[in-house]
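Q: Dropping the structure in here first, questions after.
Read-outs throughout are calculated quantities, based only on the coordinates presented, and are distinct from any laboratory measurement. In this text the structure is predicted, and so the values were computed from the model without any measurement. Cβ placement follows ideal geometry from the backbone for every residue including glycine, while neighbour counts extend to all protein chains displayed.
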Ligand code: PMT
């Protein structure tokens, strides 16, 4: 019979980039395609979970059986995640959320001017940190960390600072890893000091291994 260790679990996943508007035609964003988060959603459903996917703007099909909530900005994602988190057993934050947004959003298209343009940016809300604060007993929270230097050390620090149960460290400087492609190279770290470095795998295989590790850690709690 098929292995379905996530039956009865509600898994909330975020995926994709966010878009932060300057005016009706322009926005700031990043290179996330959503592929990593969508692979996690697809595999979680396949492993028996009920899945909610909070997605930034991407051009991917919703995996079968997954409830998808579309958002645009970091602020939208913050609200959607806080609305949905109550019933979640596992929360996995694979989205690449903007850390800054334009301080002002203009309702009319900005006109060209002579000379350079200076824009001011302000910080967005840290969704993961808020989730860590509001977490209830028994919820298992997994962050992602996209790093280029000393990924494991920074990942560990992020896990502790944001009160996470586990973190997936994405060494985006490694060949075949990170944004856009169909493969990834990650290390899974958990609160108990487990450290699993996965080889280069497709994002679906990364997702599956990750969810199996999470299922094991859930049982151990
Ligand atoms: O979408 P793909 O093209 O497949 O690419 C996959 C990926 C590289 C985007 C993914 O694997 C990944 O690493 N996602 C996290 C990217 C990231 O933004 O890392 P970070 O170190 O900046 O953020 C750390 C964590 O905090 C993340 O879980 C992020 O969702 C969360 N965060 C960040 C900012 C913010 N305002 N709120 C947050 O919750």
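Q: Tell me the label-point distance for the pair residue 174, residue 119, using the 7 Å Cα-to-Cβ offset, in nm and rounded to one decimal.
A: Each label point is offset 7 Å from its Cα along the Cβ direction, giving 3.3 nm.
Q: Kirkwood hydrodynamic radius, the chain, all distinct C-alpha pairs: what's the number in Å? Write down the numbers at each step before the final one.
A: Values: mean 1/r = 0.0557 Å⁻¹.
With all distinct Cα pairs of the chain included, I get 17.9 Å.
Q: Relative to the present Cα-Cα distance, how much length would full extension add between residue 31 and residue 67 at 0.36 nm per residue of separation?
A: Values: separation 36, 0.36 × 36 = 12.96 nm, distance 2.39 nm.
Between residue 31 and residue 67, full extension yields an extra 10.6 nm.
Q: Related question: Does segment 1-112 come out rounded, prolate or oblate by the C-alpha gyration tensor, with a ≥ b ≥ c the root eigenvalues, rounded set by a/c under 1.5 and, if not, prolate when a/b is larger than b/c and oblate if not?
A: Values: a/c = 3.32, a/b = 2.38, b/c = 1.40.
Prolate is the answer for segment 1-112, as a/c is 1.5 or above and a/b outweighs b/c.
Q: Against the longest alpha carbon principal axis of the chain, how many degrees, from 0 to 90 and to the nearest 10, is the axis of helix 35-46 turned?
A: 30 degrees
Q: Starting from 0.36 nm per residue, how many nanometres of slack lie between residue 107 and residue 76 once their C-alpha separation is accounted for?
A: Working: separation 31, 0.36 × 31 = 11.16 nm, distance 1.81 nm.
Separation in residues times 0.36 nm, less the Cα-Cα distance, equals 9.3 nm.
Q: Roughly how many Å is it from the Cα centre of segment 1-34 to that of segment 110-144, as a whole number?
A: 14 Å
Q: Among 124, 52, 105, determine the one that fluctuates most according to a GNM of the chain built with springs between C-alpha atoms less than 10 Å apart.
A: Highest fluctuation of the listed residues: 105.
Q: Something else: How long is the gain from residue 59 to residue 219 if the chain were fully straight, where each residue apart is worth 0.36 nm and the alpha carbon distance is subtracted? If you can, show how the numbers build up before the last one.
A: On the way: separation 160, 0.36 × 160 = 57.60 nm, distance 3.50 nm.
Taking 0.36 nm per residue and subtracting the Cα distance, the gain is 54.1 nm.
Q: So, one more: Assuming R0 = 35 Å, what is the FRET efficiency of residue 21 and residue 202, from their Cβ-Cβ distance, to the nearest 0.05? Please report the intermediate quantities before stating the final value.
A: Working: r = 34 Å, r/R0 = 0.96.
About 0.55, to the nearest 0.05.
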